[in-house]
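Asker: The structure under discussion is supplied below as structure tokens; questions concerning it will follow.
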Amino acid sequence: MAETPRTARGRATRERIITAAAALIREQGVAETSLDDVIRRAGASKSQLYLYFNDRAALLREVVAQNADLVLGVQEPHLSSLDSWKAIRAWLDSLINLQADGGARGGCPIGSLVGQLAETDEQARELLADGFARWEEPLRRGLYSMQKRGKLDPNADPDRLATATLAAIQGGLVLTQTRRDPGQLAIALDAAYAYLRSHRSPR
């Protein structure tokens, strides 16, 4: 039975193992990443790994959770105030800039794991779905706020608009990673923003 670390040193070791696993998976994929690889990268022992994780699947789920936190973390403070057209445009531009700064490599830390885990681990799939839901929520909340303030058409559906925007982000990230061109994400997000703006209040 895996333990929750009781000391700062234990928590640091556990976090180091998760971070090492996440880095290896980004570099070579889930299938090519073994526990021995993780142990070597983390500078940990096998007994330490099994102290904190029941098995490889449990470790992979922690990688999913960490990746979701990473995605949301790098988008702050944009995600805290998506309640105006200007704020939404600035957020979308920040996503493009992140890809440009990273050389259009890596794709989405959440989306890249879907094909590798969603069909083989139901718990991992649920964690991935939760990560996407957390990503959508700030835009959904902002759009509802705009609707209440008369900035968004009262007939618009913020839930559907938020999902459509995230779908555009994911598709743009896939093309950007494949073509090594952040302009692909820019095209997708320009279209997403235009779609959102088409639902602005007619007043």
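Yes/no matrix, rows are residues, columns are (1) under 23 Å from GLY102 (Cα atoms); (2) surrounded by 15 or more Cβ atoms within 10 Å (Cβ to Cβ); (3) at pLDDT below 95:
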residue: ARG141; (1), (2), (3): no, yes, no
residue: MET146; (1), (2), (3): no, yes, no
residue: ARG149; (1), (2), (3): no, no, no
residue: ARG180; (1), (2), (3): yes, no, no
residue: ARG197; (1), (2), (3): no, no, no
residue: PRO202; (1), (2), (3): no, no, yes
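Asker: Still on this structure: Can you tell me how many residues in region 54-96 are at pLDDT below 95, over 14 Å from the mean Cα position of the chain (by Cα) and not in a helix (DSSP H, G or I)?
Answerer: Residues meeting the conditions: 4.
Asker: Further question on the same structure: Suppose the filter is more than 25 Å from VAL174 (Cβ to Cβ) and either of a type outside the set (Lys, Arg) or in a helix (DSSP H, G or I) (or both); does ARG6 pass it?
Answerer: No: the conditions fail for ARG6.
Asker: Here is a list of conditions, (1) of a type outside the set (A, V, I, L, M, F, W, C); (2) touching a residue at least 24 places away in the same chain (Cβ under 8 Å); (3) within 19 Å of LEU98 (Cα to Cα), and GLY171 meets all of them except one; can you say which number that is?
Answerer: (2)
Asker: Another one. Kindly indicate whether any position in region 177-198 is within 21 Å of GLN66 (Cβ to Cβ) and touching a Gly at 6+ places or on another chain (Cβ under 8 Å).
Answerer: Scanning region 177-198 turns up at least one residue that is within 21 Å of GLN66 (Cβ to Cβ) and touching a Gly at 6+ places or on another chain (Cβ under 8 Å).
Asker: Of all residues in region 26-51, which are modelled with pLDDT under 95, part of a helix (DSSP H, G or I) and within 24 Å of the chain's Cα centre (by Cα)?
Answerer: The answer is ARG26, GLU27, GLN28.
Asker: Return a yes/no flag: does region 15-28 have any residue that is without any contact (Cβ under 8 Å) to a residue 12 or more places away in the chain and in the same structural domain as GLN184 (by TED's automatic domain parsing).
Answerer: no
Asker: Do you know which residues across region 83-110 are within 13 Å of ILE169 (Cβ to Cβ), buried (at least 18 other Cβ atoms within 10 Å of the Cβ) and not small (Gly, Ala, Ser)?
Answerer: ILE88, TRP91, LEU92, LEU95, ILE96, GLN99, CYS108, PRO109, ILE110
Asker: Oh, and also: Note down all Cβ pairs under 8 Å where the first residue falls in region 102-129 and is over 17 Å from ALA23 (Cα atoms) and free of Cβ contacts under 8 Å to residues at least 12 places away in the same chain, the second is surrounded by 16 or more Cβ atoms within 10 Å (Cβ to Cβ) and not aliphatic (A, V, I, L, M), and they're at least six residues apart or on different chains.
Answerer: Partner pairs satisfying both residue conditions: ALA118/ARG125; GLU119/ARG125.
Asker: Filter the helices (runs of 4 or more DSSP H) completely within region 97-203 down to those with at least 2 residues that are out of contact with any strand residue (DSSP E or B) (no Cβ under 8 Å at 6 or more places or on another chain) and among the charged types (D, E, K, R).
Answerer: Counting at least 2 such residues, we get 122-148, 158-179, 183-197.
The values are calculated or read from the model by the stated rules, or taken from the named source; none is laboratory data. Everything quoted here is computed from the prediction, not taken from an experiment. Cβ: placed from backbone, ideal geometry, glycine included. Neighbour counts: every protein chain shown.
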